[in-house]
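**Student:** Just dropping this structure here.
The values are calculated or read from the model by the stated rules, or taken from the named source; none is laboratory data. Keep in mind that this is a model prediction, so the values were computed, not measured. Here Cβ is always computed from backbone atoms with ideal geometry, including for glycine, and neighbour counts include all displayed protein chains.
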Amino acid sequence: MTKNDGKWYLALLRLFQRRHAEAVPLVRTCLPVRRRLGPGVPGGELIFAAACCAAWEGDPDRAARLHGAGDKDIAASLENRSINWPDVEQQLREREQGKLQEQLGEAAYWDAYRSGAQLSPERALDLALGREPAG
């Protein structure tokens, strides 16, 4: 376990507690570290956390795209058993995505979600870091 793992777990705990303001700087610290690890390292959980933070920061379209990208990576990681996704994390995901669907409306949410699901993991990280992915 790296020092960064502790920050990730603390960020996730803060999201469970609805303490998004405290999760944001932790997620921002973890994203560049994940980026340096390169391809092949699961990142969907961190992209999910970044989506929660983006929604809290008032960027619902980016949040929905990040949820799409995160869900795609999480599904692949669950399939190859490289991560565990407990019920409590699923409940958090449903809560956060439900709020976004209400805020954006179903059609706009799913359009943005599908757009995010088409991103490569590296482009999803760029989006999470606040860099709009190119074409």
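**Student:** Just to be sure before I move on: is L119 part of a helix (DSSP H, G or I), touching a helix residue (DSSP H, G or I) at 6+ places or on another chain (Cβ under 8 Å) and surrounded by 17 or more Cβ atoms within 10 Å (Cβ to Cβ) in the structure I sent?
**Tutor:** Answer is no for this residue.
**Student:** Here is a further query. Within the bounds of region 93-109, is there any residue that is surrounded by 12 or more Cβ atoms within 10 Å (Cβ to Cβ), under 16 Å from H20 (Cα atoms) and hydrophobic (A, V, I, L, M, F, W, C)?
**Tutor:** Yes.
**Student:** A further question follows. Being free of Cβ contacts under 8 Å to residues at least 60 places away in the same chain, surrounded by 15 or more Cβ atoms within 10 Å (Cβ to Cβ) and among the aliphatic types (A, V, I, L, M): is that true of A128 here?
**Tutor:** No, not satisfied.
Rundown of residues vs (1) over 19 Å from L92 (Cα atoms); (2) part of a helix (DSSP H, G or I); (3) at pLDDT 90 or above, yes/no style:
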site: L15; (1), (2), (3): no, yes, yes
site: L31; (1), (2), (3): yes, yes, no
site: R35; (1), (2), (3): yes, yes, no
site: P39; (1), (2), (3): yes, no, no
site: C52; (1), (2), (3): no, yes, yes
site: A55; (1), (2), (3): no, yes, yes
site: R62; (1), (2), (3): no, yes, yes
site: H67; (1), (2), (3): no, yes, yes
site: K72; (1), (2), (3): no, yes, yes
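**Student:** Can you name the residue in region 74-86 that is in a helix (DSSP H, G or I) and of a type in the set (A, V, I, L, M) and, of all such residues, is farthest from L12 (Cα to Cα)?
**Tutor:** So, considering only residues that are in a helix (DSSP H, G or I) and of a type in the set (A, V, I, L, M), the one farthest from L12 (Cα to Cα) is A76.
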